[in-house]
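Trainee: Can you keep this structure in mind? I'll have questions shortly.
The values are calculated or read from the model by the stated rules, or taken from the named source; none is laboratory data. Source: prediction; values computed, not measured. For neighbour counting, all protein chains shown are included, and Cβ atoms are generated from backbone atoms with ideal geometry for every residue, glycine included.
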């Protein structure tokens, strides 16, 4: 009989624990406790989700090194010149912003030639370069010509000029040159915005029209040529004018005063040219 009486007692204890929990939950304190635990668990789940989401997003934005133009790379520039002149620099770019065919190694373009202008800061792509056997002949069409002009290092900016640079060329005729009818030295603007195709050290190959090439050939034989480097982007031009000894003289003024019956007047006369 004693063993039978113990079993209901154990069952009563279990029911008492369950009833106690239900009774605790039904109280205000119990409700707050359950709400706090639930909010904590939800926060942990949300934090884990956010961290995993950031990892997934950053995986698509992982920076990768690509080559961008450090300076203007003009159309017709060989890849070898881009490498030797260091016209590029490696930059880490987010993967989603990398252009198709972006160049990551200079060796990818070293044997090719630029087929379009690549602006400073622009990513260099394989589509910007093509395998062209002759970078000079590949640029010539219709009235375009290539002419080689001998110049010295100072007058021709030979230590500065690179293929793709654009220059203005002046012709300085001395008093006995065939280009002067007055017998006085003159400096004439000859051609503008001429592209340098190659710098050979003691001469340059220029990209011109057929008429410009004729002017340059005559001036190279009868005058001293001066090269002026133009800005790579946004160059503007003033009105062309020749320069001579007379044009360098300052404008001179002569002031005379003449009294009249009405009081007086001043006459100003000019001599020379501006």
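Trainee: I'm told residue 41 meets every condition in (1) at pLDDT below 85; (2) under 30 Å from residue 195 (Cα atoms) except one. Can you identify the failing condition by its number?
Mentor: (2)
Trainee: Okay, moving on. Please work out which residue is surrounded by the fewest Cβ atoms within 10 Å (Cβ to Cβ), limiting yourself to the range 225-254 and to residues that are under 14 Å from residue 174 (Cα atoms) and at pLDDT 95 or above.
Mentor: Looking at residues that are under 14 Å from residue 174 (Cα atoms) and at pLDDT 95 or above, I get 226.
Trainee: Test residue 186 against the criterion of being at pLDDT 80 or above, assigned by TED's automatic domain parsing to the domain that holds residue 170 and under 30 Å from residue 137 (Cα atoms), and give yes or no.
Mentor: No: the conditions fail for residue 186.
Trainee: Pick from 109, 98: which is over 24 Å from residue 162 (Cα atoms), surrounded by 14 or more Cβ atoms within 10 Å (Cβ to Cβ) and modelled with pLDDT of 90 or more?
Mentor: Only one candidate qualifies: 98.
Trainee: Further, regarding this structure: Just the residues that are at pLDDT below 90 and under 30 Å from residue 211 (Cα atoms), please, taken from the range 131-151.
Mentor: 132, 133, 134, 135, 136, 137, 138, 139, 140, 141, 142
Trainee: Here's a follow-up. Residue under question is residue 76, and the condition is that it be at positive phi, touching a helix residue (DSSP H, G or I) at 6+ places or on another chain (Cβ under 7 Å) and in contact (Cβ under 8 Å) with a residue 60 or more places away in the chain; does it hold? Before the answer, list the steps.
Mentor: Values: at positive phi: yes; touching a helix residue (DSSP H, G or I) at 6+ places or on another chain (Cβ under 7 Å): yes; in contact (Cβ under 8 Å) with a residue 60 or more places away in the chain: yes.
Judged against the criteria, residue 76 is a match.
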